[in-house]
Amino acid sequence: MTRHFLNTQDWTRAELDAVLAQAARFKRGLAGGASNGRPLEGKSIALVFFNPSLRTRTSFEIGAFQLGGHAVVLQPGKDAWPIEFDLGTVMDGEAEEHIAEVARVLSRYVDMIGVRAFPKFVDWSLDRQDRVLQGFAKYATVPVINMETITHPCQELAHAMALQERFGGTDPGSSPEQVLRGKKYVLTWTYHPKALNTAVANSALTIATRMGMDVTLLCPTPEYVLDERYMDWARANVAEQGGSLTVSHDIESAYSGADVVYAKSWGALPYFGDWEREKPIRERYRHFIVDEAKMALTRNAAFSHCLPLRRNVKATDAVMDSPACIAIGEAENRLHVQKAVMAALARGDGGQDATSGIGVS
Amino acid sequence: MTRHFLNTQDWTRAELDAVLAQAARFKRGLAGGASNGRPLEGKSIALVFFNPSLRTRTSFEIGAFQLGGHAVVLQPGKDAWPIEFDLGTVMDGEAEEHIAEVARVLSRYVDMIGVRAFPKFVDWSLDRQDRVLQGFAKYATVPVINMETITHPCQELAHAMALQERFGGTDPGSSPEQVLRGKKYVLTWTYHPKALNTAVANSALTIATRMGMDVTLLCPTPEYVLDERYMDWARANVAEQGGSLTVSHDIESAYSGADVVYAKSWGALPYFGDWEREKPIRERYRHFIVDEAKMALTRNAAFSHCLPLRRNVKATDAVMDSPACIAIGEAENRLHVQKAVMAALARGDGGQDATSGIGVS
Amino acid sequence: MTRHFLNTQDWTRAELDAVLAQAARFKRGLAGGASNGRPLEGKSIALVFFNPSLRTRTSFEIGAFQLGGHAVVLQPGKDAWPIEFDLGTVMDGEAEEHIAEVARVLSRYVDMIGVRAFPKFVDWSLDRQDRVLQGFAKYATVPVINMETITHPCQELAHAMALQERFGGTDPGSSPEQVLRGKKYVLTWTYHPKALNTAVANSALTIATRMGMDVTLLCPTPEYVLDERYMDWARANVAEQGGSLTVSHDIESAYSGADVVYAKSWGALPYFGDWEREKPIRERYRHFIVDEAKMALTRNAAFSHCLPLRRNVKATDAVMDSPACIAIGEAENRLHVQKAVMAALARGDGGQDATSGIGVS
């Protein structure tokens, strides 16, 4: 059974902690010995982008190189590589190839496959099946990594690592896996001229509850609450890790006493694919922008965002350029956590093996 | 005189056998010693794609990496890089550059050049000149490799290797170069909604006869017979290697007793560029699909295809998912044979040098 | 303060001479010792192409590989990555991201950033601000390299190196930095069906005067004289290095006694963005083509061009295929000078450090 990295929720908390610890060692320039420093020596990863990317692509490609491996970047384009996912179809339409062949052949060439495939934004009941990612995971005989589909687990790890750094988790003698417990974490919806993917919001909710924080999902109306699958994951995490989950539509009480403010815009699911109807609603909530007045309500909170960010729309210049903003560091951490994920998968486990220098040395 | 790999027909049978033997060693993880394992150390290859590619690109890029080299992927796009091929032209039209400069400059940067350039599908008398590939071969001062134009020699070698494996050629004490002699090989045309390139069909005919097999070209009507150049190559191969060449339009007798069934769709040359006229003809032959009933006529034949393949159009799910199907292994072999071709060209010969560990150790 | 390579004019003559000397060592296969041969070991460079490229991309990518590093090629496309450059803007238009975040995040992933960004050809007063390049240089925390914007300093170095080679500068005991002094250098405008960028023309003027040559700018009318900034640079170079600067509209006297003829086409700045008005003017000067009759007026001059070149429009076949033409060698030198620039920047200086094997060994 091939091990994949499709969602953090599939990995144990101990496995995630081991990956974050390895990422921190990579960032400090340590890798636990010479051979462990190049765990991808001679190995390769295919990065399959059904949607464009600059940051994800750069961080994965550089990460593979730094570990001794090589990344092949495949950009079939949004419309250019129609693939069949159903079994039994007479393929006389658009699709030239079945996912079974695509994934099996790639698996013969490379040691890992990263997949980015955004929703098509027409029908959420289809998009929420995450068919491209799940199709690769089903047929590939090598590990598959989610590079953002309807969740974004690599961003989750980068975000968690940035928060651990902010709250002293990298200090000598500290316990990075403990420093986030009980922190007040606000995931705030913000305005954006277009209706965006919920992936990063789903992921923020998932990882914040997984880390045992008191999580508030702040959004304009109940229509902006996230898909029930991710609300369920968050509730399960609260049950397992402690912490709490609250939905709020009140800006002032949500920000009050917060330790972390994470901003993201997304489209309301009831209007999925019918964004013209949603537009006048979202336009009423431009004031959800993260600004100095709101940040003043917090307990000197850290501010972050997954980037790209429209300045003075999602957050003001003053917030972005303040010491509270850890977004650049979080973006940097993508490199380190992805290296740790690739190293764990190259070794064939989730990173927990205490006998290896990679996982826990 | 620079050695190229434009067609298998330009190389001796002994040279091809040496390349296939090296490919088998690469596949087994052997390369004849440390330095021989990285024959492209510090070297580079430019992969010039005038038409898109995922599999060819991945296998060449990974292959170069595994041999210690680096592949630069250039995708000028179908329309984006108009190049002049004639001498003496006043270049005040579309073309910004002459092939003489393109090939010479690239030759200063890299150690090898791979070229993919499909026909334009307007006038076969033009396309059959293979001008892009021949232009690079004429002006480049480094070896040029055909990555599919109007033939596909890398696919030929991958196919031959998969067949050798299937018929015991990789068993201890066997002679891979002998195991295919006298096998009954059927190249069958199949339906496809679009008129496709004849390259893989030309190549299948070429390599199957070269390997000394009894080859049947099965196609709906005489109009689907291949270009005379490739029929001539096949006849010359029969004269040299033994075996035979038969054209058939009868499915039952063609499949009867076959050891190998290789499927491919292509457009009929008399209708080249005028595919609307051909369409009603090809629609009549959907029953050429490879299915279990036809396979039951064979002598437990191996089935293969160069991929991508439309399931239940060219071959049924049952055939694709049967043990007879060696298409995934054949696709994998692209990696190994292309490494062997690059290694042979990097060494400056066709792979026959008995004093080197690469060619024949 | 991060050191960039935005223009040769920002570097001292001694620094440029050191880079050219290192490029010559790279070309001869020498690099001053094992570790110095791989000064980019484990390092990476992002090549950001806002406009397409094949030669620049290949030479940088191969160069990084040969030095032990890795190049990530980012091609956001002409219209695909709208970036905000102004501070304080409410970003509710096209731009999804501010240059501040783009440059800072990339700086966390890679050790150097190359940028290609051509003018938009609408308003020269905007284009001459070179905002994309200057924006990267302002916010990046790693060195930025100009891969052609409104100047082309890498081409300048390749050109200077090719001329040094031609005039004996690589002979034993010669002084490459002296051999060009006092040579008569003609930069001649030539016809081209489209109005082109002035970047290479600006650069030719800059480097030719910097090398102490007697420079003639030959163009059809005063409207084709280059932007005052570059004319000023040229005059400053003459003051510093000796040599001279002359503008001429007379072909015969310009070519007479020339040692170097460098051809380039460009659009006349007074018609910038209004090229239909310029077209009938440029059509009158097709006879500026470099041909054998003009070359016969010179002192056995070297001819060059930055490529791509339209044969029999900018220069005749006879000139291109004559021994006078050094354009292919100049193109090759792009590889060597860019390696030397990257090596100098990786070391954190302009290449002058006499204690290092890279700079001056």
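Computed from the coordinates by the stated procedures, all read-outs in this text should not be read as laboratory data. Since we're looking at a predicted model, the values are computed, not measured. Here the Cβ positions follow ideal geometry from the backbone for every residue, glycine too, while neighbour counts run over all protein chains shown.
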Could you please rank C:Lys339, C:Lys43, A:Lys194, placing first whichever residue has the fewest other Cβ atoms within 10 Å of its Cβ? A:Lys194, C:Lys43, C:Lys339
Classify segment C:98-175: rounded, prolate or oblate, from the alpha-carbon gyration tensor (a ≥ b ≥ c, eigenvalue square roots; a/c under 1.5 rounded; otherwise prolate if a/b is larger than b/c)? oblate
Taking the label point as lying 7 angstrom from Cα along the Cα-to-Cβ axis, what are the distances from A:Glu252 to the corresponding position in the remaining copies, in ascending order and in nanometres? 8.9, 8.9
In chain C, lysine pairs with alpha-carbon atoms under 16 angstrom apart (chain gap of 8 or more, or interchain): 11
Mind checking which of C:Pro76, A:Tyr139, C:Gly267 is farthest towards the positive end of the protein assembly as shown's charge dipole, using Cβ charges of +1 (Lys, Arg) and -1 (Asp, Glu) about the Cα centre? A:Tyr139
Exam field: C:Gly88 pseudo-label spacings to other copies (7 Å along Cα-Cβ), nanometres: 6.6, 6.6
Mean Kyte hydropathy of -0.5 or more with a Cα span along the axis of at least 27 Å, helices from DSSP in chain C: C:327-347
Output the relative contact order of chain A, whole-number percent, from Cα pairs under 8 angstrom with separation of 6+ residues. 22 percent
Fewest first, what order do B:Ile251, C:Ile150, A:Ile45 take by the number of other Cβ atoms within 10 Å? B:Ile251, C:Ile150, A:Ile45
Shape call for the protein assembly as shown, from the Cα gyration tensor axes a ≥ b ≥ c (a/c under 1.5 means rounded, otherwise prolate when a/b beats b/c, else oblate), comes out oblate
Return the long-range amide H neighbours of C:Val313 (sequence gap of 5 or more, or a different chain), with a cut-off of under 5 Å between placed amide H atoms. B:Met91
For chain C, shape from the Cα gyration tensor axes a ≥ b ≥ c, cut at a/c of 1.5 then a/b versus b/c, turns out oblate
Positive-end residue, segment A:155-330 charge dipole about Cα centroid, Cβ charges, pick of A:Met320, A:Gln155, A:Ala234: A:Met320
Residue by residue through segment C:190-196, the couplings from Karplus 6.51 cos²θ - 1.76 cosθ + 1.60 with θ = phi - 60°, in Hz, x for Gly and Pro, are 9, 6, 8, x, 10, 6, 9
Note, ³J(HN,Hα) from phi for segment A:119-125, Karplus 6.51, -1.76, 1.60, rounded to Hz, x at Gly and Pro: x, 8, 6, 10, 9, 5, 5
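For segment B:220-360, compute Rg over Rh where Rg is the Cα radius of gyration and Rh is the Kirkwood radius from the inverse mean 1/r over Cα pairs.
Details: Rg = 18.6 Å, Rh = 18.0 Å.
Rounded to two decimals, Rg over Rh is 1.03.
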Work out the length of the dipole vector of chain C about its Cα centre, built from +1 on the beta-carbon of each Lys and Arg and -1 on the beta-carbon of each Asp and Glu, and round it to the nearest 20 debye. 800 debye
Using amide H atoms built 1.01 Å from N in the peptide plane, name the residues 5+ places from B:Thr216, or on other chains, whose amide H lies under 5 Å from its own. B:Tyr185, B:Val186, B:Leu187, B:Thr246
Treating the point 7 Å from Cα along Cα-beta-carbon as the label, what are the nm separations from B:Lys120 to the other copies, to one decimal? 3.5, 3.5
Fewest-first sequence of C:Ser322, A:Ser44 by Cβ atoms within 10 Å of each Cβ: C:Ser322, A:Ser44
Net dipole in debye of segment A:155-330 [+1 Lys, Arg Cβ; -1 Asp, Glu Cβ; about Cα centre; nearest 20]: 240 debye
Compute, for the protein assembly as shown, the length of the dipole vector about the Cα centre, with Cβ point charges of +1 (Lys, Arg) and -1 (Asp, Glu) only. Units Debye, rounded to 20. 1500 debye
I need to check one value: relative contact order of segment A:155-330, counting alpha carbon pairs closer than 8 Å and at least 6 residues apart, in percent. 25 percent
